[in-house]
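Visitor: Have a look at this one before I ask anything.
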Amino acid sequence: MILRYNSESGKGYDIVVEAGSIDRIGRLIDLSGKKVLVITDDGVPSEYAGKVAGAFAGSHILTLKAGESTKSLSALETIISSLVEHRFSRDDALVAVGGGMVGDLCGFAASCYMRGINYYSVPTTLLSQVDSSIGGKTAINFHGVKNIVGAFHNPSKVIVDPECLDTLPPRIFAEGMAEMIKMAATSDAGLYESICSWNGDKAELCDMIAGALSIKLNVVQSDPYEKGLRKVLNFGHTIGHAIESAAEGDLYHGECVAIGMMYMSEGRARQQIETALEKYGLPVSDSFNPVSLCEFVSHDKKAKSSTVTAVWVSDIGSFEFREFTQEEIKQLITNRKNEQQHR
């Protein structure tokens, strides 16, 4: 299955969603005559980067340390140093093989080097396959604030191989399901039902991945630079990012988004989201102090001077944007925590 992202600049790219596609990457991506730097991390099975590098003559593999702390200025320097050392030109390319951390970092490095070179994405986690691998948002973290330094830089092609998910630990797979639940809750009640009833069938999973990608593609094509509609993809992120910062690595991104959705939904929709999250063993509450979370929310790059725009869900498959002051966010967090304690 091939999905197409059509950018307003006319430079679009294909997203290939196909079992076994990583084994055919040399036929899916034409990098003949180019230098290729394959970037991965030590948490990704080395065979994936090996397959990619083996498909292109003159390729090099750079393996970084796994973990969100690697998405930093020092890691960016490591990548740029490697590109300079191997004398990469503007015609050469990077290939990200791994999860969201690798994709964000690789994409940002590609946006910076020689004012922009091509990069290709081979996401190997469910989270990165349905979310971060497309849309062109690249970034690193800085001084404890997630994704605060970044740029919009689209990949030249994305290769999504669902078979890569076979090696994922259950917890990593589950955080990807949180992002699918996020997109279905705001935009596709049918996909939400598929997620809730999924019994492990691989063909159905491939269809769900394509469904989630289709939602994101429709959104980012309409709003490539997050001026309006694209903010819908932030459902669960307003407080989720704050929880992620407060957790200091103890919770995964998707787990934080899962908790964040519980803060930004109400009524039957909130109950339905909770049911879906619990099906995949995802958390639905946290124990962080409301004041601490509010402090992190105030530093989020999406916050304005006095308010935060958040995505609110009252009915599965639809959403609305709501403006919250810092005091209202604090009150919302406090109220949700009180509700949890009295259940």
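The values are calculated or read from the model by the stated rules, or taken from the named source; none is laboratory data. This one's a predicted model, so the numbers in the text were calculated from it and none came from an experiment. Backbone-built Cβ (ideal geometry, glycine too); neighbour counts: all protein chains shown. These accessible areas exclude ligands, DNA and RNA; they are computed on the full protein's heavy atoms, side chains included. Shrake-Rupley method; radii C 1.70, N 1.55, O 1.52, S 1.80 Å.
Visitor: Excluding residues on the same chain fewer than 8 positions from LYS330, give the lysines whose Cα lies under 30 Å from its Cα.
Guide: Cross-link targets: LYS71, LYS137, LYS146, LYS182, LYS216, LYS227, LYS231, LYS279, LYS301, LYS302, LYS304.
Visitor: Could you provide, to the nearest whole Å², the per residue accessible area of the chain with probe 1.4 Å?
Guide: Value returned for the chain: 42 Å² of accessible area per residue.
Visitor: At a Cα cut-off below 18 Å, give the aspartates and glutamates reachable from LYS65, other chains included and same-chain residues fewer than 8 away excluded.
Guide: Filter leaves ASP41, ASP42, GLU47, GLU77, ASP104, GLU248, ASP250.
Visitor: I'd like the Karplus ³J(HN,Hα) series for region 308-316: coefficients 6.51, -1.76, 1.60, θ = phi - 60°, whole numbers in Hz, and an x wherever there's a Gly or Pro.
Guide: After applying 6.51 cos²θ - 1.76 cosθ + 1.60, I find 10, 8, 10, 8, 10, 10, 10, 9, 4 Hz.
Visitor: Place +1 on the Cβ of every Lys and Arg and -1 on the Cβ of every Asp and Glu in region 68-183, take the dipole about the Cα centre, and give the residue among GLY135, THR125, GLY100 whose Cα lies farthest towards its positive end.
Guide: Final value for the positive-end residue is GLY135.
Visitor: Sticking with this one: Which of rounded, prolate or oblate describes region 200-244 when judged by the alpha-carbon gyration tensor and an a/c cut-off of 1.5? Let's see the in-between values first.
Guide: Numbers: a/c = 4.51, a/b = 1.39, b/c = 3.25.
Because a/c hits 1.5 or more and a/b fails to exceed b/c, region 200-244 counts as oblate.
Visitor: Along each of the three principal axes of the Cα atoms of region 123-214, give the extent in whole Å, ordering the values from largest to smallest.
Guide: For region 123-214, the Cα extents along the three principal axes come out at 41, 29, 28 Å.
Visitor: Rounded, prolate or oblate: which one fits region 96-250, using the alpha carbon gyration tensor with axes a ≥ b ≥ c (rounded when a/c is under 1.5, else prolate when a/b beats b/c, else oblate)?
Guide: On the way: a/c = 1.43, a/b = 1.36, b/c = 1.05.
It is rounded, given that a/c, with a ≥ b ≥ c, falls under 1.5.
Visitor: Another question about this same structure. Please list, ordered by chain and number, the residues whose modelled amide H lies under 5 Å from the amide H of GLY98; skip anything fewer than 5 residues away on the same chain.
Guide: Sorted by chain and number, the residues that satisfy this are VAL122, THR124.
Visitor: Among ALA276, SER306, ILE209, flag the residue with its Cα farthest along the positive direction of the charge dipole of region 199-316, charges on Cβ as +1 for Lys/Arg and -1 for Asp/Glu.
Guide: Checking the options against the dipole of region 199-316, the answer is SER306.
Visitor: From the backbone phi of region 27-36, what are the Karplus-calculated ³J(HN,Hα) couplings (6.51 cos²θ - 1.76 cosθ + 1.60, θ = phi - 60°) in whole Hz, Gly and Pro given as x?
Guide: For region 27-36, the Karplus curve yields 8, 8, 10, 9, 10, 5, x, 10, 6, 10 Hz.
Visitor: Give, rounded to the nearest 20 debye, the magnitude of the charge dipole that the chain has about its Cα centre when Lys and Arg contribute +1 at Cβ and Asp and Glu contribute -1 at Cβ.
Guide: 820
Visitor: Quick one: dipole size for region 180-233, taken about the Cα centre, charges +1 on Lys/Arg Cβ and -1 on Asp/Glu Cβ, in debye to the nearest 20. Please report the intermediate quantities before stating the final value.
Guide: Numbers: 6 positive and 7 negative charges, 64 e Å.
Dipole magnitude for region 180-233 comes out near 300 debye.
Visitor: Taking the Cα centre as origin and putting +1 on Lys and Arg beta-carbons and -1 on Asp and Glu beta-carbons, what dipole magnitude results for region 219-343, to the nearest 20 debye?
Guide: On the way: 14 positive and 18 negative charges, 53 e Å.
Here the size comes out at about 260 debye.
Visitor: Sticking with this structure for a sec: Enumerate the calculated ³J(HN,Hα) couplings along region 97-108 in order (Karplus 6.51 cos²θ - 1.76 cosθ + 1.60, θ = phi - 60°), each rounded to whole Hz, writing x wherever the residue is Gly or Pro.
Guide: Whole-Hz 3J(HN,Hα) from phi for region 97-108: 10, x, x, x, 4, 5, x, 4, 5, 4, x, 5.
Visitor: Determine the shape class of region 200-343: with a ≥ b ≥ c the square roots of the Cα gyration tensor eigenvalues, call it rounded for a/c under 1.5, and otherwise prolate if a/b is greater than b/c, oblate otherwise.
Guide: Working: a/c = 1.68, a/b = 1.22, b/c = 1.38.
Since a/c reaches 1.5 but b/c is at least a/b, the shape of region 200-343 is classed as oblate.
Visitor: Roughly how many whole Å is it from the C-alpha centroid of region 1-37 to that of region 240-319?
Guide: Answer, in whole Å: 33.
Visitor: If you don't mind, there's one more thing I want to ask. Counting alpha carbon pairs within less than 8 Å and at least 6 residues apart, what relative contact order, in whole percent, applies to the chain?
Guide: After rounding, I find 14 percent.
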